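No lab work stands behind these numbers, since they all come straight from the coordinates. Please read these numbers as outputs of a predicted model, since none were measured by experiment. Please note: Cβ atoms are built from the backbone with ideal geometry, for glycine as well, and neighbour counts cover all protein chains shown.
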Amino acid sequence: MKNKILFFQFSFLPGYKAGGSLRTLANLVDHLGAEFDLRIVCTDRDSGDDQPYPGIKIGEWQTVGPSQVMYLSPQNRTLKDFRQIILVTKPDLVYLNSFFHPVFSRQPLILRRLGSIPKIPFIIAPRGEFSAGAIGLKSLKKHLYIYLARLWGLVDGVAWHASNEQEAADIRALFGAQSKVLIALDLPTKSLVLKSSQRQKKPGSLKIVFLARIDRKKNLSGALEMLNGLRGEVRFNIYGPIGDNGYWQDCQKIIKSLPANIEAHYCGEIEHNKVIDVLKEHDLFFVPTLGENFGYVYLEALSAGCPILLSDQTPWQNLEEKGVGWALPLSQKRIFQEVLQQCVDMGKEEHALWSKRANLYGLAFMQDKGALEKNRSMFDRVLLGMTK
């Protein structure tokens, strides 16, 4: 009999909209769905929407790929509802795909602390929430919750899933050196196999894509400010859901102030099955994020042959020496602009080399079986009580 793992995740509808946390879980399900009985409890709609996803059943288990999913309406996300789901499902392991989410993470932890559910091993995956850039946003509120979580024993005895060594260090810095941290790299998309597209890059022009949720953590405003002063024709296309309307208004003011040779356009949200096609249309992927634990879309950009320009606040390091992109310190705006100008000036032949290297690097990363074995081992160890 397969071990039953119950996931609590804010959103889960593979193929609906691009989203890192959603794809993280979708990829894990695709890779391990045949080995474990995977159950997912999530919301029935995207953040800010007043209507549920089309074509779903609400409040009952239904098959989505190799997993069973229960979509909950806003009225059915109480402690009582979550307790009933856990008692009826009888999972061998509970996995929280966030630490800070006020419903899909906090409520299961409260039930666990109150003893209202059986003693079940828990894994928490913070997904970059503890990086310096991420924790710095609404810092007082986040540190207060961390303090209270430690004071009340909400996370006593849980296992932590870190995607890399830096995230493991961030977890231990906040919750103590004795924290049970298991490191397993996020899994890539199982079926993504691509050839680099033949872009017709012209010197003196550059087509850039920013594909991420529009909020302060992803740093769209910083990207827009770095465009100012570039020579040549630059088109900057922005894709992603608007997560912070006030922040988006600030970004729009920057867009209006850009010189005539730099065009920035908001292209709206994008379904996941269209992400690769969009990436293949651009010369450069540019997201100077304040913090990321992995970043699936970075891997997708590389696999699509689109060089990437990132901050140094992600696990994607040493990109320039590999010839696939750049990871630069956010404090060095001038260096970002120099690289952007280098990309503007780049001709077809040189860009084709960067594109080919990016494509090969992305595909090699996806074909590495080490990450799959680490994730499989993580679940096995927690299920067996071995977290050291």
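Just a few scattered comments:
- Dividing the radius of gyration of the alpha carbons in region 205-367 by their Kirkwood radius gives 0.93 for Rg/Rh.
- Taking the Cα centre of the chain as reference, the dipole from Cβ charges on Lys and Arg (+1) and Asp and Glu (-1) amounts to some 780 debye.
- Residue order, fewest to most surrounding Cβ atoms within 10 angstrom, among M1, M378: M1, M378
- Pairs of alpha carbons in region 1-150 whose separation is greater than 24 Å (percent): 32
- Of all DSSP beta bridges confined to region 205-367, the antiparallel ones make up roughly 0%.
- Pairs with C-alpha atoms separated by more than 30 Å, drawn from the list K142/K274; K256/K333; K2/K356; K256/K280; K274/K322, are K142/K274; K2/K356.
- Here is how the number arises for the chain: DSSP H runs of 4 or more residues each give -39500 (n - 2.57), the sum is divided by the residue count, and the result at 222 nm is -11500 deg cm²/dmol.
- Stokes-Einstein translational diffusion, the chain - Kirkwood Rh over all Cα pairs, 1.002 mPa s, 20 °C, in µm²/s: 98
- With neighbours defined as other Cβ atoms within 10 Å of a residue's Cβ, the residues I86, I110, I146 order from fewest to most as I110, I146, I86.
- Phi angles across region 157-172 convert, under the Karplus curve 6.51 cos²θ - 1.76 cosθ + 1.60 with θ = phi - 60°, into 3J(HN,Hα) values of x, 6, 9, 10, 9, 9, 7, 6, 4, 5, 5, 4, 5, 4, 5, 5 Hz, Gly and Pro given as x.
- Dipole orientation for region 92-189: of the candidates S163, L111, L182, L111 has the Cα lying most toward the positive pole (charges on Cβ; Lys, Arg +1; Asp, Glu -1).
- Here's how it looks for F7: its modeled amide H is under 5 Å from those of R39, I40, V41, Y95, which are all 5 or more places away or on a different chain.
- With the convex hull drawn over the C-alpha atoms of region 254-304, the volume per residue is 114 Å³.
- Note: relative contact order over the chain, using C-alpha pairs below 8 Å and six or more positions apart, is 16 percent.
- Ascending count of other beta-carbon atoms within 10 Å, so fewest first, for L140, L220, L360: L140, L360, L220
- The chain: antiparallel DSSP beta bridges as a percent of all, rounded to 5: 5
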